1. Any idea how many residues of the range 124-150 are surrounded by fewer than 18 Cβ atoms within 10 Å (Cβ to Cβ), part of a helix (DSSP H, G or I) and of a type in the set (Asp, Glu)?
2. Could you say whether any residue in the range 50-64 is in contact with a Phe, Trp or Tyr (Cβ under 9 Å, 6 or more places away or on another chain), charged (D, E, K, R), farther than 26 Å from residue 147 by Cβ and surrounded by 18 or more Cβ atoms within 10 Å (Cβ to Cβ)?
3. Which one is surrounded by the most Cβ atoms within 10 Å (Cβ to Cβ), of the residues in the range 105-123 that are closer than 23 Å to residue 145 by Cβ and either basic (Lys, Arg) or without any contact (Cβ under 8 Å) to a residue 12 or more places away in the chain (or both)?
4. Identify, by number, the condition in (1) assigned to a loop (DSSP other than H, G, I, E, B); (2) over 21 Å from residue 153 (Cα atoms) that residue 13 doesn't meet.
5. Kindly indicate whether any position in the range 42-52 is within 20 Å of residue 107 (Cβ to Cβ), in contact (Cβ under 8 Å) with a residue 12 or more places away in the chain and in a loop (DSSP other than H, G, I, E, B).
6. Between 70, 39, which is in a loop (DSSP other than H, G, I, E, B), loosely packed, with under 13 Cβ neighbours inside 10 Å and among the basic types (Lys, Arg)?
Amino acid sequence: MDLIPSFAVDHTQIVPGIYESRVDTMGDEVVTTFDVRLKEPNKEPAIAPAAMHTMEHVVATYLRNHPVWKDKLVYWGPMGCLTGFYMIVKGRPAALEMYPILLESFRHMSTFEDEVPGATPQNCGNYLMHDLPMARWEARRYVEYLERADKDLIFAYPQTERLQLDDGQEFFDS
């Protein structure tokens with residue numbers, strides 16, 4: 001089988017950031033998938049599953065209620081490697097354009113004090129697996145990183161070129 005595009009990026013070179021991972025056309029709609037990377041893969045410990053789950057619930061709820069982004073968000077969910085999230089949005093905004101809403105969302109997460117949205121047996125398949133204090137800690141760490149990061153490094157995968165496939169899909173090749 002062919003290697004999928006997201007695995008074709010050299011994960012030994014990725015730093016935390018906001019990356020356009022892929023662009024797809026679905027009928028007349030364009031959707032963009034962003035790699036919202038909180039951890040440096042294979043160099044830092046992954047995010048604990050309970051904290052990741054909590055961030056998924058809080059940030060997804062925040063985005064799906066945001067006056068500008070609620071109708072643009074297609075998907076928000078964790079990466080299996082627990083180093084970040086995938087965010088799929090309608091249209092083709094640049095990674096730099098995602099910076100303000102993601103900074104806002106993680107600031108919200110970093111100070112969130114209420115009950116975790118949807119963390120009940122009726123609303124969640126693993127409602128006991130949440131860790132709000134650790135989710136806040138991870139969010140604070142990411143906010144601090146984004147605020148001080150070299151903006152030339154956090155919006156484009158390192159040493160990559162965009163390739164166009166015959167079917168029109170784009171992906172990065174390292």
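1. Initially, the range 124-150 is screened for residues surrounded by fewer than 18 Cβ atoms within 10 Å (Cβ to Cβ), giving 124-129, 133-134, 137, 140-141, 144-145, 147-150.
Cutting the leftovers down to part of a helix (DSSP H, G or I) gives us 133-134, 137, 140-141, 144-145, 147-148.
Keeping just the survivors that are of a type in the set (Asp, Glu) gives 144, 147.
Going through the range 124-150 one residue at a time, the tally reaches 2.
2. The initial filter retains those residues of the range 50-64 that are in contact with a Phe, Trp or Tyr (Cβ under 9 Å, 6 or more places away or on another chain), namely 51-52, 54-56, 58-60, 62-64.
From what is left, the residues that are charged (D, E, K, R) are 56, 64.
Checking the rest, the ones that are also farther than 26 Å from residue 147 by Cβ come to none.
Checking the range 50-64: not a single residue is in contact with a Phe, Trp or Tyr (Cβ under 9 Å, 6 or more places away or on another chain), charged (D, E, K, R), farther than 26 Å from residue 147 by Cβ and surrounded by 18 or more Cβ atoms within 10 Å (Cβ to Cβ).
3. Only one residue fits best here, namely 107.
4. (2)
5. Yes, that holds for at least one residue.
6. Details: 39 fails: loosely packed, with under 13 Cβ neighbours inside 10 Å.
Residue meeting the stated conditions: 70.
Each reported figure results from applying straightforward, stated rules to the coordinates on display, with no laboratory input. Being a predicted model, the structure only gives us computed values, none of them experimental. Counting neighbours? That spans all protein chains shown, and the Cβs are built from the backbone with ideal geometry, glycine included.
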